[in-house]
1. Using label points projected 7 Å from each Cα along Cα→Cβ, tell me how many nm separate Ala200 and Asp67, to one decimal.
2. With a cap of 12 neighbouring Cβ atoms within 10 Å, and only residues DSSP puts in a loop, list the GluC sites (Glu not before Pro) found in region 155-228.
3. Determine, for His163, His453, the number of other Cβ atoms within 10 Å of each Cβ, and report the residues in order from fewest to most.
4. Find me the longest stretch of the chain that has none of the exposed trypsin sites (Lys or Arg not before Pro), where exposed means in a DSSP loop (not H, G, I, E or B) with at most 15 other Cβ atoms within 10 Å.
5. Pick out, from Val307, Ala241, Ala38, the residue whose Cα sits farthest towards the positive end of the charge dipole of the chain, with +1 on the Cβ of Lys and Arg and -1 on the Cβ of Asp and Glu.
6. Straight distance only, please: which lysines reach the Cα of Lys308 with their own Cα at less than 19 Å, same-chain residues fewer than 8 apart left out?
7. What's the magnitude of the charge dipole for the chain around its Cα centre, counting Lys and Arg as +1 and Asp and Glu as -1 at the beta-carbon? Answer in Debye, nearest 20.
8. Going toward the positive end of the dipole of the chain, with +1 on Lys and Arg Cβ and -1 on Asp and Glu Cβ, which of Ala513, Ile330, Trp161 do you reach last?
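Every number here is computed from the coordinates shown, using simple stated rules; none is lab data. No experiment lies behind these values; they were computed from the predicted model shown. So basically every Cβ, Gly included, is an ideal-geometry build from the backbone, and we count neighbours across all protein chains shown.
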Amino acid sequence: MTEEQTVDVVVVGAGFAGLYMLHRLRRSGMRAVVLEAADGVGGTWYWNRYPGARCDSESYYYSYSFDDDLQQEWTWSERYAGQEEIRRYLDHVADRFDLRRDIRLNTRVTATSWDEEAGLWNVGTEAGDTVRGRYLVTAVGCLSSANVPDIPGLDSFEGDWYHTGQWPHEKVDFSGKRVGIVGTGSTGIQAIPVIAAEAAHLTVFQRTPNYSIPARNGPMSPEVSAKIKQEYDRIRAVQRASTNGHPFLINETSALAVDDDVRTATYESAWEFGGLRFRATYADLLADKAANDTASDFIRNKIREIVKDPEVAERLLPKDHGFATKRPPIDTEYFETYNRDNVTLVDVRATPIQEITPTGMRTSEHEYPLDCIVFATGFDALTGPLLRMNIRGRDGVALRDRWAEGPKTYLGLQVAGFPNMFTITGPGSPSVLTNMPTCIEQHVEWIIDCLEHMRDKGLDRVETTEDAEREWGAEVARAADRTLLPQASTSWYLGANVPGKPRVFMPYAGGMANYAKTCEEVAVRGYDGFVMT
Ligand code: NA7
């Protein structure tokens, strides 16, 4: 039997964004329901259970800041939290704020349409239920729609295959197995060392070589944890004032303004310290090719030093893009793994994958016998999770058609023709260029302020305009063009990883702090760019 329910706000997704949205909606006295496809909360951290899955932001700041008691009572065990620990944290948040009673698990949204006459969103689920809400808030994440490459013969493969973002709940045992892994993005770089340590043999199918910085993970000592807890006010303030939502600022000096030995010493110490701070060593690493070359050369030299076989090292050197112009991975013994006897690196740009056979993977040069294949091939990023909900706005216009040439949004928050729909960390917001919980909190708080404003004024419809979208789209393009990011032609920021996807630089590259200021000013000016009735 199908069910119908009507609430003020339908939220889709119960990860970092959906959980906080629900909490804040409740506090504002609004009736909300969260629809979640999985059978647990956690979003990204529910699905990505692959070996080595770990956050690249440090645990103490990849967390909510909205409740001081929460951040004081939760203790992280490591410098970077693993998937299971973050999932436990989000489970704890769901319990602590009594969120579960308004979360419907195992509820995948398959069709969503705006009913103009009723002024309601009809949100249809796979089970055939409909939930109706005055507002629709998407909290579906940016990297939740798995991209499994369309390689001929996959159906014929007699072994097991997995996508890292849809990993089984039970442990996958690779011991004694010949494993192939496709993809050397952040995920592949985390998984490869762990799988190599377990499998009989690991063959890595690499399309684009990648830079990576050692993470230098380790246990979080009680002393460090206590100090962080004392300093949370300051830490959170820096995060909000920063470019990437991290609690450290980017050095204001140009990489080209210092002597070679000073620069090398800086890079050495950032390499030793580990993690994403390497990107913050100089002001212009992402803005000036010559500055970027200095960091890229430094990392290429590290790869040459670490990898013993010079031919393998050469194949691992990124050459077609600069450091951090694609999402920079961090790793634990990634390049070292290529020194193992049971690891083979295949360059599939030189010798492309042609087909999957019942017993392995065939490239233009060779057939590699495999028992299992792991696709660490990423996601249909940013737009994919929204488009697969089949959203239709006013006059039945499909979001898929509206975005046929790439996403169009105002502030990454709203789309013209889709009244009362808000997209948390939507395309056109800083999202994936930042530490996600920081930008999620900013979005949720802005949306709540907007909804409260509407309620206070007795309004019930808010919709952005095509003009506002056009202007914001131009600003997103200008911000990207001030950086080297759009020049990385294989980047998923541009949609380049999904065949047929429009090539548009999707996130806003102007920085978290600038973006938040812009959103605040829009609100202060009476929500210009939005029509409220
Ligand atoms: P990414 O960063 O998109 O990496 C996917 C990798 O898979 C990348 O090396 C791709 O090469 C490769 N790929 C994708 N399709 C193919 C095909 N058809 N053949 C061969 N190789 C392929 O995804 P991740 O999961 O690693 O990371 C996503 C984000 O999650 C990450 O940035 C963090 O924010 C967390 P390409 O570079 O496209 O040539």
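1. It is 5.0 nm.
2. Details: sites: Glu158, Glu170, Glu198, Glu223; in loops: Glu158, Glu170.
Hits after loop and neighbour filter: Glu158, Glu170.
3. Ascending number of Cβ neighbours within 10 Å: His453, His163.
4. Working: sites that count: Arg31, Arg108, Lys171, Arg216, Lys308, Lys319, Arg340, Arg349, Lys457, Arg461, Arg482, Arg503, Arg525.
Answer - 350-456.
5. Most positive-ward Cα: Ala241.
6. Counting by Cα, and skipping residues close in sequence, Lys308 has no lysines nearby.
7. It works out to roughly 280 debye.
8. Result: Ala513.
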